[in-house]
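Asker: Before we start, here is the structure in question, set down as structure tokens.
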Amino acid sequence: MHLRSPRRLRAAAVAAVALMLALSGCTASDEPDFSYTPPEQVDGALPDDMTAQLQAAVEHAMVASGATGAIVGVWVPWSGQWVAGLGTQSAEDDTEVTADMSFRVADVTRLMTCDVLYGMADDGRIKLDAPVPKYVSGVADLSDITLLDLCNGTSGLGSSEAAVKPYWLNTPERVWAPLQEASFGLGVQRGPAHTAYRDSDAGYLMLGLALERASGLSASQLIKKYVTGPLELKSTSLPGATAAEPKPTPALKGAYLPATDTGYDCTAPVDITTSSASIGFTDGGVTSTITDLGRYLQAEARQALRDKNAKPARFENPLPVSANAPAWYQATGGALLVGSMIGQQGWVPGYSTAAYSDPATGFTVAVTLNNSSSGSSVAAYLSWQVAAIASKAPAAKGQTAPDFGLPFTAEQYGQTITDIAICKAPAAE
């Protein structure tokens, strides 16, 4: 059961304990009246034959993306779980990847940024329909765009990624101001506002900046207050701008492949483990571990951070991801909706990550690859392939499998990964 009193009634309680928190050395980042219990999970491994299928799928995606390592988590509440690290840190470092290593979660950060927006709105500290220029200077032409548009991807703004990617890879230690980075996306021709979804990293960068200015807190503090603190995600945070490896230690090493005239040089990956989280900020800067990520997605899919009667419902009225997208692939609320699953996928220098959860059953998958050159595509399709495999897991003794399925097959996305591979498996001798 998830217990939360209405947010508007919490203000008095928070004020009443403020002095006690200060004297005890605690902070107000922990919600004193919030309790989260994850879905019941069979405490055991998935069947061996299914684990073998899952491992083969991950290893195939590692080769296709040029990754030497991967971390994956699969939680099937009625059957079991598989949480594993595969491969090695790099071609030169044969240290085995382990499931406790931290990594950059890329666009999963968008979900957390929208958590903060809805949390502040539920607290009465901000309005979802507030115009962007109220909190972000220098964007007067966005007077008809709201904070909710930024969260939902309905601002019509473009993406900065294509323009700034060379800077990210060549100077990973560079510290970016959010509006400076967003400006590259602001300069792209606008799409229709309010009525269509458009993937825009610039929108989430500006949303983070707006939330900082509205609250007087940093984005790191806000994510701790509204997300990681309440959910007890002790290994998840938005780091500061100083270039560093993902935290906590040990960290999964991240890399990218040098571009060539015909594609990528898969034999010469470049280490980019150490970089500034300002590259992603509130669009993609968060670091985490696979177990924290799984716990977060389960809670997020069920909207456990909000009162069950809170309005508006965050994931209602989604829009197609694109004109050519399957009907089951939609977006809203900072999330991508894949069939019944809710989650996100994306990349930042060195890492490609995807994670999804089904709100009704708690079925959850999360994957990360330690090479970003394939963008988000291989990790995204891998998460869908893994989900399709694991969705067939039989019920453990004493359990009943729910009526759960996905609108695609594992074979479909295994083939897609083969088709879009940027690296090939070495030829057999």
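Asker: Which one of these does residue 312 not meet: (1) closer than 14 Å to residue 72 by Cβ; (2) out of contact with any strand residue (DSSP E or B) (no Cβ under 7 Å at 6 or more places or on another chain)?
Answerer: For residue 312, the exception is condition (1).
Asker: Here's another thing I want to ask about it. Specify the residue that is surrounded by the fewest Cβ atoms within 10 Å (Cβ to Cβ); the eligible residues are those in segment 173-189 that are in a loop (DSSP other than H, G, I, E, B) and not aliphatic (A, V, I, L, M).
Answerer: Checked segment 173-189; the qualifying residue surrounded by the fewest Cβ atoms within 10 Å (Cβ to Cβ) is 189.
Asker: Just checking, does segment 207-220 include any residue being part of a loop (DSSP other than H, G, I, E, B) and buried (at least 16 other Cβ atoms within 10 Å of the Cβ)?
Answerer: Within segment 207-220, one or more residues are part of a loop (DSSP other than H, G, I, E, B) and buried (at least 16 other Cβ atoms within 10 Å of the Cβ).
Asker: Give the residue that is nearest to residue 300 (Cα to Cα), with candidates limited to residues of segment 63-81 that are hydrophobic (A, V, I, L, M, F, W, C) and surrounded by fewer than 23 Cβ atoms within 10 Å (Cβ to Cβ).
Answerer: Out of the qualifying residues, it is 78.
Asker: Moving on to the next point. In this structure, is residue 257 surrounded by 17 or more Cβ atoms within 10 Å (Cβ to Cβ), hydrophobic (A, V, I, L, M, F, W, C), farther than 18 Å from residue 110 by Cα and at pLDDT 95 or above?
Answerer: yes
Asker: Here is a follow-up. Looking at segment 17-68, which of its residues are assigned to a helix (DSSP H, G or I), among the polar types (S, T, N, Q) and at pLDDT below 95?
Answerer: 24, the sole residue that qualifies.
Asker: How about segment 129-163: which of its residues are touching a residue at least 60 places away in the same chain (Cβ under 8 Å) and of a type in the set (Val, Ile, Thr)?
Answerer: 132, 136, 139, 154 - these are the residues of segment 129-163 that are touching a residue at least 60 places away in the same chain (Cβ under 8 Å) and of a type in the set (Val, Ile, Thr).
Asker: Within segment 356-370, can one find any residue that is touching a helix residue (DSSP H, G or I) at 6+ places or on another chain (Cβ under 6 Å) and within 25 Å of residue 260 (Cα to Cα)?
Answerer: Yes: segment 356-370 contains one or more residues that are touching a helix residue (DSSP H, G or I) at 6+ places or on another chain (Cβ under 6 Å) and within 25 Å of residue 260 (Cα to Cα).
Asker: Can you pull out the residues in segment 90-128 that are without any contact (Cβ under 8 Å) to a residue 12 or more places away in the chain and crowded, with 16+ Cβ neighbours inside 10 Å?
Answerer: Scanning segment 90-128 gives a single hit, 121.
Asker: Among (1) of a type outside the set (Ser, Thr, Tyr); (2) over 29 Å from residue 308 (Cβ atoms); (3) modelled with pLDDT of 95 or more, there is one condition residue 153 misses while meeting the rest; what is its number?
Answerer: All conditions pass for residue 153, except number (2).
Asker: Give the residues of segment 373-429 that are β-branched (Val, Ile, Thr) and either within 15 Å of residue 328 (Cα to Cα) or in contact with a His (Cβ under 9 Å, 6 or more places away or on another chain) (or both), sorted by residue number.
Answerer: Listed by number, the residues that qualify are 409, 417, 418.
Asker: Against the conditions (1) over 24 Å from residue 125 (Cα atoms); (2) without any contact (Cβ under 8 Å) to a residue 12 or more places away in the chain; (3) crowded, with 19+ Cβ neighbours inside 10 Å; (4) not hydrophobic (A, V, I, L, M, F, W, C), where does residue 262 fall short? Just the number, please.
Answerer: With respect to (1) over 24 Å from residue 125 (Cα atoms); (2) without any contact (Cβ under 8 Å) to a residue 12 or more places away in the chain; (3) crowded, with 19+ Cβ neighbours inside 10 Å; (4) not hydrophobic (A, V, I, L, M, F, W, C), residue 262 is out only on (3).
The values are calculated or read from the model by the stated rules, or taken from the named source; none is laboratory data. Keep in mind that this is a model prediction, so the values were computed, not measured. FYI the Cβ positions are ideal-geometry reconstructions off the backbone, even for glycines, and counts take in every protein chain you see.
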